[in-house]
Structures are given as structure tokens and as C-alpha cells.
Amino acid sequence: MKRIFSLVVAVLLVFSLGACNKEQEVKELQMLWWSDGTEGAVMQTLLTQYETATGIKIELVEIPYADYEARLATMISGGESPTLARVTEGHLNNFKNQIVSLKGVYDSSGFTNLFYNEANEVISLPMDITANGLFVNTELLAKYDVNYPKLGDPVWTWDEFEVEMNKLRAGVGSDVNFPGVFDPQAHRFFPMIYQHGTKIWNTPYSASNLTSAPAVKALTRLVNFYQGDLIDDAVFAGSNAAALFRTGAYGFHMSGNWNVSSYQDLDFDWEVVPMPKDANRATILGGKSMAAFKNSKAEKEATDFIAWLAKGENHDKFTGGVPYLTPRLGANVDYGAFADNYAVFLDEIAATDASYVQDWLTQVMIPGMYPMINEAIRKAAAAEATPLEVLTELETLLKDTMK
């Protein structure tokens, strides 16, 4: 009898130790990460804070971005999904069937740049965003009496923009190379489609507005800027647009918020100003998010962390510490020396209709989309085809890719 009792106790002890070991396993979580700058260090401070508050340790596993997607794919296919991972829109698209739904985990109405699965459930927490915007050389604009709006002023139209920037032609041959420069990446053009009053897609991947009158008008305007030498087309020959603007011989640069920090050392005065509009204001967004993965054996712990990270005081520590533009609506982030310029980008984001944000997310889900649109805009700028022909060809290519 004693022997049977001892055996029962031993079995119960084994089960008890197994349960403890299982509980210990889920307390050691793993987060895949890459860093462009200081983001990893900032996230580590939050992970340390979370461990202090909950006793749950999350290991930050940093991987070079060039290897990141392949590593993530290997882990998922090998049945060793990470608990959490920093992800782009492309990752969210490629792995969405392996990503945990965050429905009810946090209040998604407080964020922009959201990504959904096929059941229309949010599957990530937006962590930072980039936005397109307009930089101007204020010294050059003042010299040639170029008028431009500042934050809070009535926003100029594209027609007004063209009239004002054409004043810089008086300096060509002396201190002006061209009135301005656009980045060669075609998504600097796509806000113009929204600013002219239309979306890219009516029905994703089947009914497009790319050949509509507003879209053709937007591209025709941009082509005229290139053909009329308002914009330097040297960027299509390999010149770096930011390097050109740095020379001080350009009045404007259409680019994005990442240049706010890199332009701090310029030897001339500059500002970020509102982009022009035709029908309405708009920008396009990019950015990174936090996602939890299925089959990690710690999905509940992962979503608990995301719920914690979504809280205003925690989320703002990340975007304020990096700093990036915040996707959290109404956030109170101290951007320090970047504050005035970031305020313009944030105003552009706030003025962008939510349907345009979702339309661009639909667009970036197309595999190989960026090379397609870059080549289309290069062809239009070089007058190798008319704007309508370029957009018709692009529309067909995008649809065929998604068939």
C-alpha cells in the first residue's frame, strides 16, 4: 500500500514539475527585431520595464534586415514561430495566416496605419510611421520672393505651388540649379493622386481608378514639371535627391520625414511646409508594427504584452525615444529639436482621409509593386509614353500580378 501511495505521489510530482516547466517556458518570450538606428535600445528599455512589472522576460533577438524575412519564414515553417516580431506591411501580408488576431486586445480606433486579415480583424499594433512631405530651402525662397504656407495657414493648391516655385527660375545659372527635386521613388507621386481627389482602387485588384481623369491629371502635372524643368530629372540617372537638396541650389525637395534628422547639419535654413492639394490634402504612410505569431506556445502572453505596449504612456516612450512619427492618434510625444517639422508631417497625416490610408495599404500588398510604379513614373517623366498610356499599362500590370 505504501508502495502504491509513493508511486501516486511520484506521478503527481512529475505532472506538477511538468506544469511548472511549461509555465516557466512561456515566461521566456522571444521578440524578433531589426534596427535602423536606436530603436533596439529604446525597445529594450521597455522590455526591462515590462519584466519588472510582470516577471515576464522577453528576449530581443536582433537580425540584420537583409536576413530578416528569410529568418522569420524559416522559423515559422520549422514550427518555431517567434512569440513577437517587428514587421513591415510586406511581412504582415506574407505571413498574415500565421499572425494572431488582435481583435479586442487594444483599442485600434486610437491608431492609424492599421493592417487587417481576411476576417477584417486587426493583426498588428502600429509602432511608428513614415510620411511623405515637402522640404523647402527658406533662404532661397526668401531671396526670390516665393510665397509659401506654414502650418496653420490655408494650404496652397498645386497651381499656386507652380506659380510660386517658378519664381526661382530667375536664379537658374547663378545660385539655382532647378527650382526643386522629387525623390525618384514613385510613391512620392502617389499622394498627388489622392490630392487630386481619387483612390487607386475601387475594388482591390479588379476595379482601379488609375486611368480616371483625376489620376491622369495628377501624372500629367508631374510630367509637365519634369518636361518644363521645374524638377530636376537627374535623380533618374542615379543622382541622390537628398544630396542635391543639400547643395542649397534647390528650392524644394519632395521626400519624407526621415530627412528631418539627416538635414540637421545643413548650412542653410529650411523648413517642412504643407504639401499642395488640388481637391484635398493627403499623404501616404509607411511604417513598422508589432505582431504576435501562432504556434509560439505563448500567444496569450504575447497579446498581453501588446495590450501593455498599446497603452499611451508606453507607446509614447517608444516613438518619443527613437524618435519616429507616432501612429497613435492624439499622442503626446516630445520630439525635441524635430518638433516643429514633425508637427507638419503629423498635420498632413491628420488631414488624410482614412480611406486613402487603407487604399495605400491595399496597394503595397502587391508583390513587387515598388519596382513597377518606379519604372512607370520614370517612363512618364522621360516622355517614353503619355501619362494615360503609362497608367493604363501600370493598371494592367498590377491587376495581372494579383490574379
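Nothing in this text is a laboratory measurement; each read-out follows from the coordinates by a stated rule. These figures come from a predicted structure and were not determined experimentally. As a convention, Cβ positions derive from the backbone with ideal geometry for all residues, glycine included, and neighbour counts pool all protein chains shown.
Observations
- With at most 11 other Cβ atoms within 10 Å, longest stretch of the chain clear of loop GluC sites (Glu not before Pro) (DSSP): 119-383
- Relative contact order, percent, the chain [alpha-carbon distance under 8 Å, six or more residues apart]: 25 percent
- The packing ranking of peptides 186-195, 140-149, highest mean first, is 186-195, 140-149, where packing means the average number of other beta carbon atoms within 10 angstrom of each residue.
- When the pairs 288/379; 199/311; 96/399 are compared against a 28 Å limit on Cα-Cα distance, 288/379; 199/311 fall above it.
- For the range 371-386, the Karplus equation 6.51 cos²θ - 1.76 cosθ + 1.60, evaluated at θ = phi - 60°, returns couplings of x, 4, 6, 5, 5, 4, 6, 4, 5, 5, 5, 7, 6, 7, 7, 6 Hz by residue, with Gly and Pro reported as x.
- Computed from backbone phi, the HN-Hα couplings of the range 70-85 come to 5, 5, 4, 5, 5, 4, 5, 5, x, x, 10, 4, x, 5, 9, 7 Hz, rounded to whole numbers (Karplus: 6.51 cos²θ - 1.76 cosθ + 1.60, θ = phi - 60°; Gly and Pro given as x).
- Rounded to the nearest 20 debye, dipole of the chain from Cβ charges on Lys, Arg, Asp, Glu: 1520 debye
- Selection from 320, 291, 251, by position along the positive dipole direction of the chain (Cβ): 291
- Measuring nothing but alpha carbons in the range 104-226 and taking Rh as the Kirkwood radius, the Rg to Rh ratio lands at 1.07.
- Projecting the Cα atoms of 144, 338, 100 onto the dipole axis of the chain, where Lys and Arg carry +1 and Asp and Glu carry -1 at the beta carbon, places 100 farthest toward the positive end.
- Between the C-alpha center of the range 92-142 and that of the range 276-310 there is a gap of 6 Å.
- Cα centroid of the range 331-382 to Cα centroid of the range 28-70, whole Å: 26 Å
- For the range 225-307, the relative contact order is 12 percent, taking Cα pairs closer than 8 Å that sit 6 or more residues apart in sequence and dividing their mean separation by the residue count.
- Cβ-Cβ FRET estimate between residue 362 and residue 267, R0 fixed at 45 Å, reported to 0.05: 0.60
- Extreme residue, positive dipole direction of the chain, given options 185, 273, 70 (C-beta unit charges): 70
- In this simple spin-label approximation, residue 401 and residue 109 carry label points 7 Å from Cα along the Cα→Cβ vector, and these lie 3.5 nm apart.
- Anisotropy class of the range 258-322 from Cα gyration tensor, a/c 1.5 cut: prolate
- The 3J(HN,Hα) values that the Karplus relation (6.51, -1.76, 1.60; θ = phi - 60°) gives for the range 52-57 are, in residue order, 4, 7, 10, x, 9, 8 Hz. Gly and Pro appear as x.
- Amide H contacts under 5 Å for residue 128, placed H, 5+ residues apart: 288
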